[in-house]
């Protein structure tokens with residue numbers, strides 16, 4: 001094995017370990033009882049991940065101009081708003097630039113499946129550990145009655161789909177070229193079963209839309225259909241606009257709130273009542289506001305919490321990345337990013353580095369397209 005192979009292998013192991021830290025932190029935040037103070041553990045996992053990714057970034061001598069600028073901008077944004085979501089996912093993408101995409105996706109699939117199955121077993125075998133034991137209901141107009149929504153021990157009926165989106169998307173990505181009847185049965189049947197027990201419309205509708213999109217995209221030459229190509233590239237901007245308009249102007253509309261499970265009235269708290277959606281570097285909300293007003297929207301989160309500057313940067317990355325996927329006919333990549341974009345309208349998932357592998361692949365692709373490479377160590381030696 002030559003030195004390059006050893007170097008790549010070490011980077012793969014490091015990437016896997018850091019991803020494990022990131023996913024561990026996500027599950028701790030989601031499922032540990034809020035009354036238990038894990039602030040120190042969360043900080044250690046976050047800064048440990050950042051430090052590990054920075055080491056991988058610094059020790060990689062050859063860097064493209066794009067990745068240097070991108071990492072630099074994200075660091076400045078973090079120093080200004082102290083929110084590390086965009087920095088973490090960009091560093092993760094940069095660290096993965098010499099790692100095979102299928103290896104990356106398999107890591108996400110295996111780790112998410114293990115963590116999710118582990119959580120399901122623990123909270124169902126030891127139900128007293130579940131910190132939110134509230135019984136959830138949904139009114140069903142067909143039968144004019146309230147029905148119980150199962151949460152599978154995760155404290156929220158939407159939680160199972162929230163984590164399953166990564167598993168479904170990874171499965172579709174890895175099986176895309178060999179996608180067959182058995183795959184369709186497995187995915188449709190499991191999604192239908194979860195929907196029928198949780199009545200989680202966001203997760204159910206997104207997964208079903210994604211599965212239908214798989215069927216369409218396989219036979220559609222989107223590269224040669226200019227209106228569709230443009231629509232795909234600007235879709236994140238359109239979804240952002242729809243989110244802001246809905247939360248700002250229709251937050252009191254009973255029909256809209258019923259359709260979106262009261263999300264618009266919560267969005268308005270962040271957009272107008274307690275913040276300003278035109279804030280360049282984002283707003284700071286206290287813990288009481290956050291606990292009383294769940295922010296289930298990636299687009300509102302990016303605009304209000306991370307700020308307009310971060311939103312512009314991220315929209316640019318999505319525009320370039322989606323355009324690149326279309327030009328290279330990367331249909332499996334396009335499929336999974338579309339699933340995450342749709343699901344993130346009503347859930348805060350898009351910049352979750354431990355779940356949103358599609359965004360990691362997209363940012364990686366944008367970076368890899370820039371062939372303007374700089375050898376940092378060679379440059380430093382020349383200056384001496």
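Okay, residues lined up against (1) at pLDDT 95 or above; (2) crowded, with 16+ Cβ neighbours inside 10 Å; (3) under 14 Å from residue 101 (Cβ atoms); (4) under 11 Å from the mean Cα position of the chain (by Cα):
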| residue | (1), (2), (3), (4) |
| --- | --- |
| 303 | yes, yes, no, no |
| 317 | yes, yes, no, no |
| 332 | yes, yes, yes, no |
| 344 | yes, yes, no, yes |
| 350 | yes, yes, no, yes |
| 355 | yes, yes, no, yes |
| 361 | yes, yes, yes, no |
| 373 | no, no, no, no |
| 381 | no, no, no, no |
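Determine whether segment 29-40 contains at least one residue that is closer than 27 Å to residue 9 by Cβ, exposed (fewer than 14 other Cβ atoms within 10 Å of the Cβ), out of contact with any helix residue (DSSP H, G or I) (no Cβ under 8 Å at 6 or more places or on another chain) and free of Cβ contacts under 8 Å to residues at least 24 places away in the same chain. Checking segment 29-40: not a single residue is closer than 27 Å to residue 9 by Cβ, exposed (fewer than 14 other Cβ atoms within 10 Å of the Cβ), out of contact with any helix residue (DSSP H, G or I) (no Cβ under 8 Å at 6 or more places or on another chain) and free of Cβ contacts under 8 Å to residues at least 24 places away in the same chain. On the stretch given as segment 209-250, residues that are within 25 Å of the chain's Cα centre (by Cα) and in a loop (DSSP other than H, G, I, E, B) total 1. Comparison of 87, 45 shows that the only residue that is part of a helix (DSSP H, G or I), under 30 Å from residue 153 (Cα atoms) and free of Cβ contacts under 8 Å to residues at least 60 places away in the same chain is 45. Could you please find all residues in segment 297-343 being free of Cβ contacts under 8 Å to residues at least 60 places away in the same chain, farther than 16 Å from residue 173 by Cβ and outside any helix (DSSP H, G or I)? Hit for segment 297-343 is 297, nothing else. Take the conditions at pLDDT 95 or above and farther than 24 Å from residue 333 by Cα and apply them to residue 72. Does it pass? So residue 72 fits the description; yes. The set of residues in segment 123-151 that are in contact with a strand residue (DSSP E or B) (Cβ under 8 Å, 6 or more places away or on another chain), surrounded by 13 or more Cβ atoms within 10 Å (Cβ to Cβ) and assigned to a loop (DSSP other than H, G, I, E, B) contains only 151. Does segment 256-274 contain any residue that is farther than 26 Å from residue 146 by Cα, assigned to a loop (DSSP other than H, G, I, E, B), over 21 Å from the mean Cα position of the chain (by Cα) and without any contact (Cβ under 8 Å) to a residue 60 or more places away in the chain? Within segment 256-274, one or more residues are farther than 26 Å from residue 146 by Cα, assigned to a loop (DSSP other than H, G, I, E, B), over 21 Å from the mean Cα position of the chain (by Cα) and without any contact (Cβ under 8 Å) to a residue 60 or more places away in the chain.
The values are calculated or read from the model by the stated rules, or taken from the named source; none is laboratory data. Keep in mind it's a predicted model, so treat the numbers as computed, not measured. Cβ coordinates were reconstructed from backbone atoms using ideal geometry, including for glycine residues, and neighbour counts include every protein chain displayed.
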